1. Can you tell me which residue is nearest to PHE38 (Cα to Cα) among those in region 74-103 that are buried (at least 20 other Cβ atoms within 10 Å of the Cβ) and aliphatic (A, V, I, L, M)?
2. I need a count of the residues in region 75-103 that are among the small types (Gly, Ala, Ser) and in a helix (DSSP H, G or I).
3. Looking at region 167-184, is at least one residue at pLDDT below 95, surrounded by 15 or more Cβ atoms within 10 Å (Cβ to Cβ) and under 24 Å from PRO42 (Cβ atoms)?
4. Could you grab me the full set of residues in region 155-171 that are of a type in the set (A, V, I, L, M) and closer than 22 Å to GLU203 by Cα?
5. For LEU106, indicate whether it is part of a loop (DSSP other than H, G, I, E, B) and farther than 17 Å from LEU36 by Cα.
6. Examine region 133-149 for a residue that is over 17 Å from the mean Cα position of the chain (by Cα), within 28 Å of GLU203 (Cα to Cα) and in a loop (DSSP other than H, G, I, E, B), and state whether such a residue exists.
7. Quick check: anything in region 60-71 part of a loop (DSSP other than H, G, I, E, B), β-branched (Val, Ile, Thr) and surrounded by 23 or more Cβ atoms within 10 Å (Cβ to Cβ)?
8. Which pairs have Cβ atoms under 6 Å, sit 6 or more apart or on different chains, and link a residue in region 172-192 that is assigned to a helix (DSSP H, G or I) to one that is of a type in the set (A, V, I, L, M)?
Amino acid sequence: MLRDIFRKLYPFAIFTLPSPLPSGKGGGEASRAVYLTFDDGPIPEVTPKVLAVLDRYHVKATFFMVGENIHKHPDIYRMVAAAGHSIGNHTYNHLKGWRCTYRRYLRNVSRFPVETRLFRPPYGKTTLLQRWLLARKGYKIIFWDILTRDYDARRTPEAMFDLIRKRTRPGSIINFHDSLKSNERMLAVLPKTIEWLQQQGYELRPI
């Protein structure tokens, strides 16, 4: 299966959480846990709207933030943290690992202004050496098993929702983006996604 082949190419990466992370957080003996994640924020135009939706449904999620955006919008970062959501490192400048030396990449990751062991590579692209070194430094490298592609203008909310319904399993990690590119499509499908997941008996957890 293509998905299994892809995972073998990415050792040291976590695609689903059917069992606890090594740190003991997330997953668990659980039941039907699913994890909503948001990449690329925080930004004032989108992130507060995401927070409002999550609050309406009493849901916690994980935000993989760009360090530079935290420095630009510290008040929005504080809103996310104060609401009890998990924070992950998405590099300082949204770097594509395949275009970086491992030294430059790790330096950029280390500039992230918030203490967290959760890490998601922008574009999902890192070299094997970068992943190995990050894992040695204690990072939990979090990928996803459902990529909504909400950043793609050709992607409709209906197609995104259909994908989520077809592919969600216990332990699924769903990838959204709180970015300008994703804004309208993501916000159109997010409430429907949460309602459907809750109707199916899934528990929505932060990582």
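The values are calculated or read from the model by the stated rules, or taken from the named source; none is laboratory data. As the structure is a computational prediction, the values presented were derived from the model and not from experiment. Here the Cβ positions follow ideal geometry from the backbone for every residue, glycine too, while neighbour counts run over all protein chains shown.
1. Step by step, filter region 74-103, then rank; the result is ILE87.
2. Counting residues in region 75-103 that are among the small types (Gly, Ala, Ser) and in a helix (DSSP H, G or I) gives 3.
3. Scanning region 167-184, I find at least one residue that is at pLDDT below 95, surrounded by 15 or more Cβ atoms within 10 Å (Cβ to Cβ) and under 24 Å from PRO42 (Cβ atoms), so the answer is yes.
4. MET160, LEU163, ILE164
5. no
6. Yes, there is a match, as at least one residue in region 133-149 is over 17 Å from the mean Cα position of the chain (by Cα), within 28 Å of GLU203 (Cα to Cα) and in a loop (DSSP other than H, G, I, E, B).
7. Within region 60-71, one or more residues are part of a loop (DSSP other than H, G, I, E, B), β-branched (Val, Ile, Thr) and surrounded by 23 or more Cβ atoms within 10 Å (Cβ to Cβ).
8. ASN183/VAL46; VAL189/MET160; LEU190/VAL53; PRO191/VAL53
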